[in-house]
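Questions regarding the structure given below will be posed in turn.
The values are calculated or read from the model by the stated rules, or taken from the named source; none is laboratory data. Please read all numbers here as calculations on a predicted model, not as lab measurements.
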Amino acid sequence: MSAERGKEAPSAEMEWAEDLAPIPPAEWSRARARHLLDRAGFGGTLEEVDRLAALTPEAAVASLVDYHFMPDDHLRPFEESGVYDPSLREFPETRPAATRA
């Protein structure tokens with residue numbers, strides 16, 4: 001506990017919360033790689049966290065942002081579901097108009 005009653009000492013994560021400065025490579029870690037994946041919205045497996053942690057911070061971010069450069073030849077081809085409704089393409093501008101349609 002800190003000197004102030006009832007307040008805990010800040011965790012390592014809290015020290016850099018809200019800090020938008022680039023992360024120096026010396027401070028890049030598995031914890032920060034995991035945090036990056038969590039904040040990107042999809043989390044990651046231990047292998048994915050390790051892969052990002054082995055990169056520089058810039059390369060880790062680029063691997064998420066520039067995903068179209070990532071090899072995808074291991075993925076199955078896209079399968080059309082047949083659910084697409086072409087009439088939904090021109091969706092009404094307002095919610096009431098959508099309800100009437």
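Residue-by-condition table, conditions (1) of a type outside the set (A, V, I, L, M); (2) modelled with pLDDT under 90:
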site: T56; (1), (2): yes, no
site: D66; (1), (2): yes, yes
site: M70; (1), (2): no, yes
site: D73; (1), (2): yes, yes
site: F78; (1), (2): yes, yes
site: S81; (1), (2): yes, yes
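Regarding P10, is this residue at pLDDT below 80 and outside any helix (DSSP H, G or I)?
Judged against the criteria, P10 is a match.
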